[in-house]
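Comments concern the structure below.
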Amino acid sequence: MTSFEPIVSPDALAAELTRPESATHPDLLLDSYDYQLPEERIAQNPVVPRDRSRLLVVEQAPNYQHRIFRDLPDLLQPGDLLVMNDTRVIPARLYGRKPNGTPVEVLLLEEQTQNQWLALVKPGKRLKLGAEIEFGPDPVDPILKAMVIAIDEPTGGRVLQFDLPDHQSVLPLLAQLGQVPLPPYITESQAEPEQYQTVYADRPGSAAAPTAGLHFTPELLERLEQTGIDRAFLTLHVGVGTFRPVESSDITQHQMHGEWVEVPSETVEKIQKTKADGGRVIAVGTTSVRSLEGTAAIHGQLQPYCGKTNLYIYPGFQWQVVDGLITNFHLPKSSLMMLVSALIGRQRLLNLYQVAIDEEYRFYSFGDAMLILPEATGG
């Protein structure tokens, strides 16, 4: 075992970060979240079966252990509750062309109103207001058309209005025209589209998978239930808010883009009962964390909610709902690293990442996972 620097208590850290000189605190500097990852550690394909991925279990500092994800029922306690994001990735990557034949690549991020989508486009500079895009193999008779009706300055994206009657949706056409988008660091994958979906994916709308959930199998879910570990679902459609890079050297200046979330009453009731009975709430993935804590931040306490959240979590955050976390290993300088740092401390997280690199864990979307137990968070 490696000895880590002890985490400062959340209250003490929050007080420290509110001082006038807090802008120079290492936990608030973007460069403090950097690390060097060998390219071969970026997983290009998922493990088969899913629950055979490795699991770095983070316990009370300085302890950790190396396990396999299928060991999860032995690592949690009867009465614990897993909260999972049941969003489903849509075939959001489209390849089209301008009327003059210029190729255009489109990544749909979020439906704003009926058949009106925020999207990232390439080449962006050539797609000005009023530009038209056609989709389908026949340039004379395209299956689908869209027009750029606005430019979204925060993301650099475009708002596209698809040319469809009001009673029709673009979603069914995506199965014919689109592809499930893999992240740009996955360049040599042989994965089938369904391997980039959780086994409980149910509600279409995401541009990316909530990857912490990719490790679960139906058999593992059944074993967890038999062990007395319950589960509840919410929905956050992953969009630009999750993967937009942090660019400001002072991380407090970063603005999260809102993402659509629904926390149903059944899930709220399960969480309240779990806590009342002495159980622990374990979020599966950072999207589940942001859904729960974002909803609690809006209302002052956890309540059923349907709308948008742009909650940005970094060290000093005051937790209300989540006790523990299952998460993958994240990109350097990402808001996801900052969220996990708020739970266990930035320096400890970086030390654990180095352990994972040295032990040849697999990183990012198709990679291995971490289980952060409540005793590691002070919860």
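Readers should treat all values here as calculations from the given coordinates under stated rules, not as data from a laboratory. Given the structure is predicted, the values throughout are model-derived calculations rather than measurements. All Cβ positions, glycine included, derive from the backbone under ideal geometry; neighbour counts span all protein chains shown.
Which ³J(HN,Hα) values in Hz, rounded to whole numbers, follow from the phi angles of the stretch 253-259 under the Karplus curve 6.51 cos²θ - 1.76 cosθ + 1.60, where θ = phi - 60° and Gly and Pro get x?
Going residue by residue, I get 8, 6, 10, 6, 7, x, 10 Hz, with x marking Gly and Pro.
Give me the distance in nm between label points sitting 7 Å out from Cα along the Cα-to-Cβ direction at Q190 and R97, one decimal.
Each label point is offset 7 Å from its Cα along the Cβ direction, giving 3.3 nm.
How many angstrom lie between the C-alpha centres of the stretch 132-155 and the stretch 158-233?
When both Cα centres are located, 24 Å separates them.
For the chain, find the longest principal axis of its Cα atoms and tell me its angle to the long axis of helix 286-299, 0 to 90°, nearest 10.
90 degrees
By how many degrees, 0 to 90 and rounded to 10, does the Cα axis of helix 265-276 deviate from the longest principal axis of the chain?
10 degrees
Starting at the first residue of the stretch 186-193, write each ³J(HN,Hα) from the Karplus equation 6.51 cos²θ - 1.76 cosθ + 1.60 with θ = phi - 60°, in whole Hz, x for Gly and Pro.
9, 10, 9, 8, 10, 5, 7, x
Going by alpha carbons, how many degrees (0 to 90, nearest 10) lie between the helix axis of 335-344 and the longest principal axis of the chain?
Around 10 degrees separate the two axes.
Counting DSSP beta bridges with both partners in the chain, what percentage is antiparallel, nearest 5?
70 percent
Based on DSSP H runs of at least 4 residues, each adding -39500 (n - 2.57), what is the mean residue ellipticity at 222 nm of the chain after dividing by all its residues, to the nearest 500 deg cm²/dmol?
On the way: 10 runs with 85 residues, N = 379.
The helix contribution divided over the chain gives -6000 deg cm²/dmol.
Tell me which of I372, T327, N100 sits at the most positive position along the dipole axis of the chain, charges placed on C-beta atoms (Lys, Arg +1; Asp, Glu -1).
So the residue we want is N100.
Would you order H299, H257, H330, H215 from fewest to most other beta-carbon atoms within 10 Å of each residue's own beta-carbon?
If I rank by nearby Cβ atoms, fewest first, I get H299, H257, H330, H215.
Among the lysines in the chain, how many pairs, 8 or more places apart or on different chains, have alpha carbons under 17 Å apart? Can you show the working numbers first?
On the way: K98/K122; K98/K125; K98/K128; K98/K145; K122/K145; K128/K145.
Count of close lysine pairs: 6.
Between the stretch 295-331 and the stretch 236-276, what's the alpha-carbon centroid distance in Å?
When both Cα centres are located, 5 Å separates them.
Using the crude model of +1 on Lys and Arg Cβ and -1 on Asp and Glu Cβ, and no other charge, please compute the dipole size for the stretch 73-231 relative to its Cα centre, in debye to 20. The partial results should precede the final answer.
Values: 13 positive and 22 negative charges, 172 e Å.
Dipole magnitude for the stretch 73-231 comes out near 820 debye.
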